[in-house]
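Heads up, the thing below is written out as structure tokens.
The values are calculated or read from the model by the stated rules, or taken from the named source; none is laboratory data. In this text the structure is predicted, and so the values were computed from the model without any measurement. Virtual Cβ from ideal backbone geometry, glycine too; neighbours counted across all protein chains shown.
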Amino acid sequence: MWSFSKLTDLIHAWLYETFSPAWALALEMVMVGVAAIGLFAMLGLVLVIMERKVSAYMQIRLGPNRVGPKGMLQSLADTLKLLVKEGMTPNGVDRVLFNLAPLVAMIAAMLLLAPIAFAKDFQIWDLNIGVLYITAISSLNVIAILMAGWSSNNKYSLLGAMRSGAQIVSYELSAGLSILTIVVLSGSLQISDIVTSQSNGWWIFKGHIPAIIAFVIFLIAATAETNRAPFDMAEAESELTGGFHTEYSGMKFALFFLAEYINVFVVCAVGATLFLGGWMPLHIGSLDWFNHAMDYIPSSIWFFGKTFFLIFVMMWFRWTFPRLRIDQLLTLEWKYLLPIGMVNILLVTVIAILKWHF
Amino acid sequence: MFLKDYFNDIAQAVGSLLSGMRRTGYYFTHHKEIITEQYPDNRATLVLPERFRGEVVMPHNGQNEHRCTGCTACELACPNGTIKIVTKFELNAEGKRKKAVDAFVYHLELCTMCNLCIQACPTDAIKMAQSFEHSVYDRSQLTKILNKPESKLQEGVE
Amino acid sequence: MTNEEIIAALTERKPELVSETGGEWPNFMVAAAEWPGFAAMLRESEDLWFDYLFCLTCVDWKTHLTMVYHLSSTRYRHNIVVKATLDRSAPEIGTVCNIWRTAEFHEREVFEMFGVHFSDHPDLRNLILPDDWVGYPLRKDYDDPVNMIKM
Amino acid sequence: MVEEIGTTDEGDLIINIGPQHPATHGVLHLVITLNGETVRKVEPHLGYIHRSIEKMCESLSYRQFIYSTSRMDYLSSHINNHCCAMTVEKGLQLEVPERAAVIRILMDELTRIASHVLWWGAMAMDIGAFTPFFHAFREREMINDIMEETCGARLTMNYMVPGGVQFDLHPNFHRRVKAFVKQLRNKLPEYDELVTHNAIFKSRTKGVGILSKEDAISYGCSGPTARASGVDCDIRKTYPYEGYEKLQFEQAMSTDGDTYSRYLVRMVEMRQSLSIIEQLIDNIPEGDFQAKTKAVLKLPKGEFYSRVETARGEFGVYIVSEGGTTPYRIKFRSPGFSNLSALDHTVRGQKIGDLVAIMGSFDLVIPDIDR
């Protein structure tokens, strides 16, 4: 079967033949960096237009429909507008932190792309602690938000940032616990191992009910960690106008905006990898003819299909539910999600030890 | 007992959230329900009700004649001073001096479309038009003179 | 209670009270100094129980100001109007915002619009007008320097 | 004085909410004192949209002044106009034809539904759900179209005149209202699905911002805000006007006094208004839509007060006449002004997110407060 690995191997071999190993590595890094930034820009554009269209259809309206065919170029036009806007730094802000915060948010989001397997054998860095790396780096995001909130010298921003701090720190527990269930089941922290362990069925089907519970908890925690409604405490525009990015405009605001969408993409990609088999096609046990038929669909389509399905579910949440209050948000985490998650991981451990899973 | 309530709470909450999602999901998949009016595009087919009050106009007939006698009833009826009538004296057919309207000045920027002037008019000289696209770049363009140049009072209107 | 019964009940308690009839509801004139005590009596009496102050305003009669209080009872559904005449140069009357708390905002409005001083009001400052406003706009002799229509 | 922006002596944060803020639905300015997330004190600063309509009306005739009241509570402009017309009729001792009275009630109830539907969307948006807002506009648009057809305007209709209404009903009115009633009856369960039964919405509003019955009366609250606290203050029931006494409808009441019950009272009120419309729409009597009046109206010397139930509560018009063609003094008792005065009391000790929810449930319309 054709896979990206052939292409990448080809490039790799050619580079090492032509250049010295140090240069070849440097060039590979540059290529990866350019590809990552390109992917970023693409994802930003696609996700923004997707969000606007999804929200429009749920709200019985048409959404953007003037720029390009069916309004598909609207987000490109918006990006252009944001690019040419003045990058304002208000008086009274902490200039260094204020300008640094969007970059930190962006870099944290970018780093998360490294261990994600976009297709079969198509991964930037298949490090052996991939899952741990993702949980660690995704907590960096809160630093950017706190920096932005503090340096803005605005009370709305400060309140938003403080809320966000409390929220992300607590929801990381649940996200971590639900990720751990899959680690326990598959016995590895490496993304490629986790994906191959699902070659005879995805974990959400193989892991009985505990895996489903873990998946639901992961989805809730992921929504909360990316500060999206109904957990958008950090922004909460009807309370805090714009939350931590009240004072931001132009490209700096766009960077926050983009980072939010990249974070959404990454957490959904992680969810798809852990629970829905990543690029692994839908396989059912030893039903060979079915499995072969499924294999004909390219692995990258499987991966992006699953990821965008999860993104759609998160958008569905956002455009249906009212916002929680900050104390209820923490109640939900500490009184509901965390205890359930802890009991759940106990069950999963038992299942894993007794080999009850398929 | 405590546990039962705890899980009952969760089940009910999740159920209510799912029913909400079912509703938005329904609208997401049923594009027939969309109610957006694509305004500048549907201009040609846009029909406003005949009673819609957009601005005050003075209809003129084919001979460039209107029905305004310059009695200032509308000016008195207007709560905002929207209408100013400038009158002049004309000689009529019998050679008598007669009051006639020189300029019917209408300040659209002050008008609240309350319809009191139309009701006050004894000769039905003015009426409300259905136009509603009034935006201009300069406020002075909103001050209009409703009687056309060289227009005359229609025969038989007193 | 009907209007006549209210008038009878009140004149029994305060024989010097001046009442007017003819309007929809009984009208009473009280002296400004007596008003807070009278108001407390209207609110507390079990048979009157005027617990709902639905309108509080002032009228400028050029020679004097008149405070007008519209009271209603949510229990008996009867209404009265109480008026108090104030001196125009130094209008002062006791506050009733400890009896009907809605009076706090209404009295602040009357304060800035008519210049009536409410003694013992907890927070008597401009509510609607800017803090540095000069003049009392709803008095009859106030002339608005910027009048859109006259321009 | 607006406090210096900063912190209080106790270290509480002072925040200005408004005059431009997504939660205030207009130019309301609240100075709130925050201790962490908890609101210590709310102090409204008004006047950003104060036009002194009361002063303006002193120079307008009794026909002219009615239009200006549409600009106060622009969401229940019909009902405001109705009250003004009623006060003038009271002064002139004018009998309104039966047909005009029925048309007035129909228009009032349609306005009330339009206002409540919009409020429903805005309330959901305050709490963070955006979708209901657009769904609410779908139904509101139908009412606006009905209004446009019969009254000639969508928001500030100036349809009520002393002695009746300006025009007769449009021939399409009957059919369109029937279609609307059917549509809203179908969509109300959807509203419940989206918001009323939503677990998050319930947890955000239940037990939040409790206003006791005594406080509601003392603060002069009226309308759904007071009825949620158990005050039976629906003017349509307690002091019926224009033939409301002949209609079958319930006063929407609750006793909890929290944000959720204020929400529920309005939802019930929408259904009650629908039933009023259903009772009347097939029984509009034939006859004149306007009583004969003189060209120039003169009210006799005296004082006239009338009160109606708008979508927000009790609206009153107090006219002092000296016998001339213009009112000597006119006072509008607006429901929002009194309801707003209870805000501080209700919000103290709640979270900042609750402040927004409570404000939403009070249904404040700022031009109504400022006048």
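Within region D:130-148, being in contact with a helix residue (DSSP H, G or I) (Cβ under 9 Å, 6 or more places away or on another chain) and not aliphatic (A, V, I, L, M) holds for D:PHE130, D:THR131, D:PRO132, D:PHE133, D:PHE134, D:HIS135, D:PHE137, D:ARG138, D:GLU139, D:ARG140, D:ASN144, D:ASP145. Looking across region D:322-354 at every residue that is small (Gly, Ala, Ser) and surrounded by 18 or more Cβ atoms within 10 Å (Cβ to Cβ), the one that is farthest from D:HIS50 (Cα to Cα) is identified as D:GLY353. Quick check: is even one residue across region A:293-316 at pLDDT 85 or above, in a helix (DSSP H, G or I), under 25 Å from A:THR135 (Cβ atoms) and touching a Ser or Thr at 6+ places or on another chain (Cβ under 6 Å)? Checking region A:293-316: at least one residue is at pLDDT 85 or above, in a helix (DSSP H, G or I), under 25 Å from A:THR135 (Cβ atoms) and touching a Ser or Thr at 6+ places or on another chain (Cβ under 6 Å). If you check B:ALA77, B:ALA103 for being more than 30 Å from A:GLN59 (Cα to Cα) and over 19 Å from the mean Cα position of the chain (by Cα), only one passes: B:ALA103.
Any idea how many residues of region A:45-93 are within 14 Å of another protein chain (Cβ to nearest Cβ) and either among the small types (Gly, Ala, Ser) or part of a helix (DSSP H, G or I) (or both)?
Result for region A:45-93: 13.
Taken as a whole, region C:80-88 holds at least one residue that is among the aliphatic types (A, V, I, L, M), in contact with a Pro (Cβ under 9 Å, 6 or more places away or on another chain), surrounded by fewer than 22 Cβ atoms within 10 Å (Cβ to Cβ) and at pLDDT 85 or above. Residues of region C:109-125 that are within 21 Å of D:ASP370 (Cα to Cα), among the charged types (D, E, K, R) and either crowded, with 19+ Cβ neighbours inside 10 Å or more than 8 Å from chain D (Cβ to nearest Cβ) (or both): C:GLU109, C:GLU112, C:ASP123. Within region D:133-158, the set of residues being more than 9 Å from every other protein chain (Cβ to nearest Cβ) and either buried (at least 24 other Cβ atoms within 10 Å of the Cβ) or part of a helix (DSSP H, G or I) (or both) comprises D:ALA136, D:GLU139, D:ARG140, D:MET142, D:ILE143, D:ASN144, D:ILE146, D:MET147, D:MET157. Take the conditions (1) of a type in the set (S, T, N, Q); (2) crowded, with 20+ Cβ neighbours inside 10 Å; (3) within 14 Å of chain C (Cβ to nearest Cβ); D:GLN251 misses just one of them, which is (2).
Which helices (runs of 4 or more DSSP H) does region D:212-259 wholly contain that include 3 or more residues that are over 29 Å from D:ILE281 (Cα atoms)?
D:213-218
Scan region C:31-59 for residues that are polar (S, T, N, Q) and within 12 Å of chain D (Cβ to nearest Cβ) and jot them down. Listed by number, the list holds a single entry, C:THR57. Just the residues that are over 15 Å from D:ALA85 (Cα atoms), within 12 Å of the chain's Cα centre (by Cα) and acidic (Asp, Glu), please, taken from region D:309-326. Once the filter is applied, which keeps residues that are over 15 Å from D:ALA85 (Cα atoms), within 12 Å of the chain's Cα centre (by Cα) and acidic (Asp, Glu), region D:309-326 yields only D:GLU314.
Residue under question is D:ILE200, and the condition is that it be within 19 Å of the chain's Cα centre (by Cα) and either within 14 Å of chain C (Cβ to nearest Cβ) or surrounded by 23 or more Cβ atoms within 10 Å (Cβ to Cβ) (or both); does it hold? No, not satisfied. If I filter region A:223-237 down to residues being out of contact with any Ser or Thr (no Cβ under 9 Å at 6 or more places or on another chain) and assigned to a helix (DSSP H, G or I), which single residue comes out as surrounded by the most Cβ atoms within 10 Å (Cβ to Cβ)? Here the residue is A:THR223. Among the criteria (1) more than 20 Å from D:SER341 (Cα to Cα); (2) in contact with a Gly (Cβ under 9 Å, 6 or more places away or on another chain); (3) at pLDDT 85 or above; (4) within 12 Å of chain D (Cβ to nearest Cβ), the one C:GLY23 does not fulfil is (3). Within region D:214-239, if we keep just the residues that are over 17 Å from the mean Cα position of the chain (by Cα) and under 20 Å from D:THR87 (Cα atoms), the residue that is farthest from the other protein chains (Cβ to nearest Cβ) turns out to be D:TYR239. Residue count for region A:310-325 satisfying the condition of being within 8 Å of another protein chain (Cβ to nearest Cβ) and touching a residue at least 40 places away in the same chain (Cβ under 8 Å): 8. Counting only strands (runs of 3 or more DSSP E) that fall entirely inside region B:87-158 and contain at least 2 residues that are within 13 Å of chain D (Cβ to nearest Cβ), the qualifying elements are B:127-129. Quick one: would you say C:ASP51 is at pLDDT 85 or above and over 14 Å from the mean Cα position of the chain (by Cα)? Judged against the criteria, C:ASP51 is a match.
Results for (1) more than 9 Å from every other protein chain (Cβ to nearest Cβ); (2) hydroxyl-bearing (Ser, Thr, Tyr); (3) touching a residue at least 12 places away in the same chain (Cβ under 8 Å); (4) farther than 23 Å from D:SER334 by Cβ, shown as yes or no for each residue.
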site	(1), (2), (3), (4)
C:TRP61	no, no, no, yes
C:ASN79	no, no, yes, no
C:VAL82	yes, no, yes, no
C:ALA103	no, no, yes, no
C:GLU107	yes, no, yes, no
C:LEU127	no, no, yes, no
C:TRP133	yes, no, yes, no
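For region D:285-308, indicate whether the set of residues that are crowded, with 21+ Cβ neighbours inside 10 Å, within 14 Å of chain C (Cβ to nearest Cβ) and assigned to a loop (DSSP other than H, G, I, E, B) is non-empty. Scanning region D:285-308 turns up at least one residue that is crowded, with 21+ Cβ neighbours inside 10 Å, within 14 Å of chain C (Cβ to nearest Cβ) and assigned to a loop (DSSP other than H, G, I, E, B).
Of all residues in region D:329-357, those that are closer than 19 Å to C:LEU53 by Cα have Cβ atoms under 6 Å from Cβ atoms of residues that are among the hydroxyl-bearing types (Ser, Thr, Tyr) and in a helix (DSSP H, G or I), 6 or more apart or on another chain, in D:ASN339/D:THR225. Note on region B:37-61: residues that are within 14 Å of chain D (Cβ to nearest Cβ) and part of a loop (DSSP other than H, G, I, E, B) amount to 10.
Inspection of region A:17-24 identifies no residue that is of a type in the set (Val, Ile, Thr), under 22 Å from the mean Cα position of the chain (by Cα) and surrounded by fewer than 13 Cβ atoms within 10 Å (Cβ to Cβ). Residues considered: D:ILE276, D:ILE319. Of these, the only one that is surrounded by 20 or more Cβ atoms within 10 Å (Cβ to Cβ), out of contact with any His (no Cβ under 8 Å at 6 or more places or on another chain) and farther than 26 Å from D:LEU92 by Cβ is D:ILE276.
In the set (1) over 14 Å from the mean Cα position of the chain (by Cα); (2) more than 10 Å from chain D (Cβ to nearest Cβ); (3) farther than 19 Å from C:PHE118 by Cα, C:PHE28 fails one condition alone, (1).
Look at (1) among the hydrophobic types (A, V, I, L, M, F, W, C); (2) without any contact (Cβ under 8 Å) to a residue 24 or more places away in the chain; (3) away from every other protein chain (no Cβ under 14 Å) and you find that A:ILE212 fails only one, number (3).
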